[in-house]
Amino acid sequence: MKDPYAVLGVAENATADEIKKAYRKLARQFHPDRNPGDAAAEERFKEVQGAYDLLSDPEKRKQYDTFGASGPGAGGPFGGGGAGGGFGNIRFENVDLSDLLGGLGGMFGRRGPSRPQPERGADLETRVRVTFEDALEGTTVRVPVEVETACHVCGGTGAEPGTAPKTCPDCGGTGVLAANQGLFSLSQPCRRCRGNGVIVEKPCKSCRGTGRERVTKRYAVKVPAGAKSGTRIRLKGKGEPGAGGGPAGDLHVVVDVAASPLYERRGADLVLDVPVTYPEAALGATVQIPTPDGPVALKIPSGSEHGKLLRVKGRGAPKLHGGGKGDLLARIQVSVPKKLSKAEKEALEGYREVLKEHPREKAFS
Ligand SMILES: [Zn+2]
Ligand SMILES: [Zn+2]
């Protein structure tokens, strides 16, 4: 059995803090996650783990200091190791690398780069333009979206097919370099591998070593009947892919509805300008007007003023979240006819006589 003080590289009178600090540093360095397939590193990690297990427990440490590894406690507190047997069955699998890194906050400076953490992909937003009629009836549009995915040539490693990324020799794959600055030990990202822990010697030609590529995906997007300009449709999981096994972001599709030459949208209501002549407005009339569902006869009551709104129930736009349709609002536009038929002219000439007998009231005083 190795001397646990030597394994951790601390003095025999080291404080509990010094032991903890030394342990964290070494455990980070030799953690199996950082050294996949490296048996020597794994062996070192077990030693470090075993040494810390012993020295972090005041009772065990006292026993070791008094009797040494082969003292009365051998086989007890030190596991079944015996002479030269190492530290035995230490369950190092339970020690998570991110715990070691995360536990460094505060006094030991900022957290260094580590294995990619699961991260949700970014949300994307795109706009679709639909015709006025399509917005009323609902439609399906195909939306192109550019997203970043793993390179299809190298599968995301960034290394030319047939080669593999290598463990960074500078940091031993940890991605961090510890720089001792007096009292504090600061972890800095390794410059050579930029904190990745691996270096790519032959970069993939397709993605130039980035491991990522942008592809255009096309999604069929259902625009609901009654959609308005600004209506948002969310496609869950169709945004940027996540990193490190994280979920993809969402795609937000914003609808842009083209204007109609005929109708003006007011929520689920539609406003339609209806030109009428003065006699029609004065005497009342029935006129044919268009609606999205076909023409209807509109009864204009006598004495209708310019700008008056006449409501035609249920002939507007569909309400977005169910519940039938809005109304059509016919807006009376009293207009002066530019041309009159002979009959119309004769009829209006008769009105001239009325004006002579009953002069109009002064409009202004
Ligand atoms: Zn590639
Ligand atoms: Zn490195």
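The values are calculated or read from the model by the stated rules, or taken from the named source; none is laboratory data. Not measured: the values here are computed from a predicted model. No Cβ is skipped: glycine too gets one built from the backbone with ideal geometry, and neighbour counts run over all protein chains shown. Heavy atoms of the whole protein, side chains included, go into the accessibility calculation; ligands, DNA and RNA do not. Shrake-Rupley method; radii C 1.70, N 1.55, O 1.52, S 1.80 Å.
Restricted to segment 259-295, and to residues that are of a type in the set (A, V, I, L, M, F, W, C) and open to solvent by 20 Å² or more (accessible area, probe 1.4 Å), which residue is nearest to Ser335 (Cα to Cα)?
Step one: list which residues in segment 259-295 are of a type in the set (A, V, I, L, M, F, W, C), which gives 259, 262, 268, 270-272, 274, 276, 281-283, 285, 287, 289.
Now narrow it down to the ones that are open to solvent by 20 Å² or more (accessible area, probe 1.4 Å): 259, 262, 268, 282-283, 285, 287.
Working: Ala259: 24, Leu262: 17, Ala268: 28, Ala282: 12, Leu283: 14, Ala285: 14, Val287: 14 Å.
Result: Ala282.
Tell me whether segment 294-302 contains one or more residues that are over 30 Å from Arg232 (Cα atoms), assigned to a loop (DSSP other than H, G, I, E, B), in contact with a Gly (Cβ under 7 Å, 6 or more places away or on another chain) and not acidic (Asp, Glu). I'd like the intermediate steps shown before the answer.
We begin by selecting, within segment 294-302, every residue over 30 Å from Arg232 (Cα atoms); these are 295-302.
Checking which are assigned to a loop (DSSP other than H, G, I, E, B) leaves us with 295, 301-302.
Restricting the remaining residues to those that are in contact with a Gly (Cβ under 7 Å, 6 or more places away or on another chain) gives 301-302.
Remaining after also requiring not acidic (Asp, Glu): 301-302.
Yes, segment 294-302 contains a residue that is over 30 Å from Arg232 (Cα atoms), assigned to a loop (DSSP other than H, G, I, E, B), in contact with a Gly (Cβ under 7 Å, 6 or more places away or on another chain) and not acidic (Asp, Glu).
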query = Out of (1) free of Cβ contacts under 8 Å to residues at least 40 places away in the same chain; (2) under 28 Å from the mean Cα position of the chain (by Cα), the odd one out for Asn196 is which?
reply = (1)
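In segment 337-347, which residue that is without any contact (Cβ under 8 Å) to a residue 24 or more places away in the chain and assigned to a helix (DSSP H, G or I) is farthest from Ala281 (Cα to Cα)?
Of segment 337-347, the ones without any contact (Cβ under 8 Å) to a residue 24 or more places away in the chain are 338-346.
Imposing the further condition that a residue be assigned to a helix (DSSP H, G or I) reduces the set to 342-346.
Details: Lys342: 20, Ala343: 18, Glu344: 15, Lys345: 17, Glu346: 19 Å.
Taking the candidates together, the pick is Lys342.
I need the full set of residues from segment 329-365 which are of a type in the set (Ser, Thr, Tyr) and under 30 Å from Ala268 (Cβ atoms), in order please. Give the steps one after another, and end with the answer.
Step one: filter segment 329-365 for residues of a type in the set (Ser, Thr, Tyr), giving 335, 341, 351, 365.
Within segment 329-365, Ser335 is the sole residue that qualifies.
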request  = Say whether the condition of being open to solvent by less than 70 Å² (accessible area, probe 1.4 Å), modelled with pLDDT of 85 or more, of a type outside the set (Gly, Ala, Ser) and touching a Phe, Trp or Tyr at 6+ places or on another chain (Cβ under 7 Å) is met by at least one residue in segment 303-319.
outcome  = no
query = Only one of Cys207, Cys193 is within 16 Å of ligand 1 (Cβ to nearest atom) and surrounded by 12 or more Cβ atoms within 10 Å (Cβ to Cβ); which?
reply = Cys207
query = What pairs come up if the first residue lies in segment 141-156 and is of a type in the set (Gly, Ala, Ser), the second is open to solvent by 30 Å² or more (accessible area, probe 1.4 Å) and not in a strand (DSSP E or B), and their beta carbons are under 7 Å apart, counting only those six or more places apart or on different chains?
reply = Ala150/Gly156
inquiry  = Residues that are at pLDDT below 85 and either within 14 Å of ligand 1 (Cβ to nearest atom) or closer than 29 Å to Asp250 by Cα (or both): does segment 215-225 have at least one?
reply    = no
message = in a loop (DSSP other than H, G, I, E, B), within 16 Å of ligand 1 (Cβ to nearest atom) and at pLDDT below 90: is that true of Gly245 in this structure?
response = no
remark   = Within segment 30-42, the residues that are assigned to a helix (DSSP H, G or I) and either of a type in the set (Gly, Ala, Ser) or farther than 23 Å from Glu12 by Cα (or both) are Ala39, Ala40, Ala41, Glu42
ask   = If you scan segment 226-281, which residues turn out to be of a type in the set (A, V, I, L, M, F, W, C) and free of Cβ contacts under 8 Å to residues at least 60 places away in the same chain?
value = Ile233, Leu235, Leu262, Ala268, Leu270, Leu272, Val274, Val276, Ala281
task = Within segment 26-45, work out how many residues are in contact with a Ser or Thr (Cβ under 7 Å, 6 or more places away or on another chain) and of a type in the set (D, E, K, R).
result = 2
note = Requiring at least 1 residues that are within 16 Å of ligand 2 (Cβ to nearest atom), the strands (runs of 3 or more DSSP E) wholly within segment 119-237 are 176-181, 184-189
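To keep it simple, each residue is scored yes or no on (1) open to solvent by 40 Å² or more (accessible area, probe 1.4 Å); (2) within 39 Å of the chain's Cα centre (by Cα); (3) farther than 26 Å from Cys171 by Cα.
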{"site": "Val7", "(1), (2), (3)": "no, no, no"}
{"site": "Lys21", "(1), (2), (3)": "yes, yes, no"}
{"site": "Arg24", "(1), (2), (3)": "yes, yes, no"}
{"site": "Ala27", "(1), (2), (3)": "no, yes, no"}
{"site": "Pro36", "(1), (2), (3)": "yes, yes, no"}
{"site": "Ala41", "(1), (2), (3)": "no, yes, no"}
{"site": "Pro58", "(1), (2), (3)": "yes, no, yes"}
{"site": "Thr66", "(1), (2), (3)": "yes, no, yes"}
